[in-house]
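No lab work stands behind these numbers, since they all come straight from the coordinates. On a predicted model such as this, the values are computed, not experimentally measured, just so you know. Using ideal geometry, Cβ is built from the backbone for each residue, glycine included, and neighbour counts are taken over all protein chains shown.
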Amino acid sequence: MQRLTPPLLPLDTTRPVRPPTPVVFPARVEEPESDTERLWRLVLIDDDDHSYEYVIEMLGAVFGYGREKSFALARIVDTQGRVTLMTAEKVACEAKQGQVHAYGADPRIPRCKGSMTAIVEEADMPFA
């Protein structure tokens with residue numbers, strides 16, 4: 001069978017050749033992150049008015065941490081002055097902060113007048 005080839009057509013030289021039009025994308029506007037997009041951390045602050053047993057019980061009740069993890073966190077707050085309890089959205093950290101502050105005084109230490117202090121800070125901030 002014989003192949004048929006289309007006839008060659010001459011190039012149209014009457015039209016000027018233009019370079020392709022560049023595609024321009026609009027500039028992206030960076031919007032500041034909202035509090036819900038950033039991560040925050042809940043930090044427990046050390047004091048001398050709460051016992052290890054209190055910290056272990058409070059962390060178990062508020063966060064559901066086991067005794068080993070709670071003891072490890074209690075040891076860190078005691079030796080370093082602070083420990084991160086969680087990292088999450090600000091609302092979640094503030095909710096847990098409220099639970100820590102509502103836990104009450106340590107009945108084992110007579111001078112204890114209230115709960116431990118926990119602060120909420122941006123997660124990308126270095127420790128003080």
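Relative to the Cα centre, what is the charge dipole magnitude of region 40-122, using +1 at the beta carbon of each Lys and Arg, -1 at the beta carbon of each Asp and Glu, and rounding to the nearest 20 debye?
So the dipole magnitude of region 40-122 works out to roughly 120 debye.
List the residues whose amide H sits under 5 Å from the amide H of R82, counting only those 5 or more places along or on another chain, with H placed 1.01 Å from N in the peptide plane.
Residues meeting the criterion, in which the H sits 1.01 Å from N, are D46.
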